[in-house]
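Notes to accompany the following structure.
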């Protein structure tokens, strides 16, 4: 059985979009937060030669510390962040969250697929700002971003969304954020895809209006794969690395020195390869606290979305899948190793694009292996069909279960 796909109006997608239903789950189309149809032709041409492809490694035994060193079990909250509307914004989804703690609050920047401006009113019932009947049949839509903040997780469902397209410079296609503090410069960085990677800076990351105008990381002569997506920065004290996926089963890296950052990023190379079913998108990379090891988790596509985990001894080293965190049946995080908190009705059939809660906010991306929290996007199986942009993704929190 194949899943029929209705393409979003503003998306440029690969030709191979259908995933087979191999477990009784209606497999989603292999689509991403793709570039708009009017993206520069150079971003849609054939993939350039980005150097030799590394070996695909067999899984290595799990010798990681803390909760990472055993089969993980997660418990999920209910929906914490869902789409909100106002008279000029109609949202189909909230997804791809970046999260950090600042000034005694959690701050979230996230992707939203939305209709903005006067066209949004046609999708809303008058006086309520709630969806009108059958809103998924109307309007167009595009990828943008939102911000929200809350003091405690229980307060998240009542947090008000701020629409980033109201900030000068943030109109048009922008999504998949990451936010971190770059300690050497004492600046906060907000990075995202435009399709190529872009960044802004601020000294007040809690104020979504404070970010500087977006600038590009890559100079025009730097080639990228056919569909670069989901950028994530991390530093090792000497170099800043920019990791991303390419919608082609490859995991890419580029780097620059601390002194040159945010400029100076070189030609990307393939850091790890797999297949589109195993290395698809939404990667994040952290330094594991108390070790010399780095952890990368990447969203896998089939038979439904879940996360696999890989380790390396250095950020420009070779990545190895971790045994027990490398399959749909035994994932790092997925429907096979999660349950829901008491009293929470199961609301998602997958674990998709998210971010781990790190120990601090700086560019080193330190992950405490004894305290694992994963802020993620999910969707009910029944809703996971049709136009990708309009799939009603929402956000929730996974907590790793400690010894009971």
Per-selection Kirkwood Rh - the range 145-237 (Cα, Å, 1 d.p.) = 14.6
In the range 87-228, how does Rg compare with the Kirkwood Rh, expressed as the Rg/Rh ratio over alpha carbon atoms?
-> 1.00
Have a look at 151, 333, 176 and tell me which one the Gaussian network model of the chain (Cα, springs below 10 Å) gives the largest fluctuation.
-> 151
Fully extended contour minus Cα-Cα distance, from residue 152 to residue 183, at 0.36 nm per residue = 8.6 nm
Would you kindly state how much longer the chain becomes between residue 86 and residue 383 on full extension, computed as 0.36 nm times their sequence separation minus their alpha carbon distance, in nm to one decimal?
-> 104.6 nm
Zone reached by a paramagnetic label modelled 7 Å from residue 342 Cα along Cα→Cβ, restricted to the range 151-167 with backbone N below 13 Å, covers none
Just subtract the alpha-carbon distance of residue 318 and residue 60 from 0.36 nm times their residue separation and send over the number in nm, one decimal.
-> 91.7 nm
Over the residues of the chain, compute the C-alpha Rg and express it relative to 2.2 N^0.38 Å.
-> 0.92
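I'd like the FRET efficiency for residue 263 and residue 102, computed as 1/(1 + (r/R0)^6) with the beta carbon distance as r and R0 of 30 Å, rounded to 0.05.
Working: r = 26 Å, r/R0 = 0.86.
With R0 = 30 Å, the Cβ-Cβ based efficiency is 0.70.
Looking at the range 70-400 only, what percent of DSSP beta bridges run antiparallel? Nearest 5 please. It would help to have the intermediate numbers written out before the result.
On the way: 83 of 89 bridges.
Here the share of antiparallel DSSP bridges comes out near 95 percent.
A short reminder: the numbers here are calculations on the coordinates, not readings from a lab. Everything numeric in this text was worked out from a predicted model, so none of it was measured. Here the Cβ is made from the backbone with ideal geometry for all residues, glycine too, and neighbour counts use every protein chain on show.
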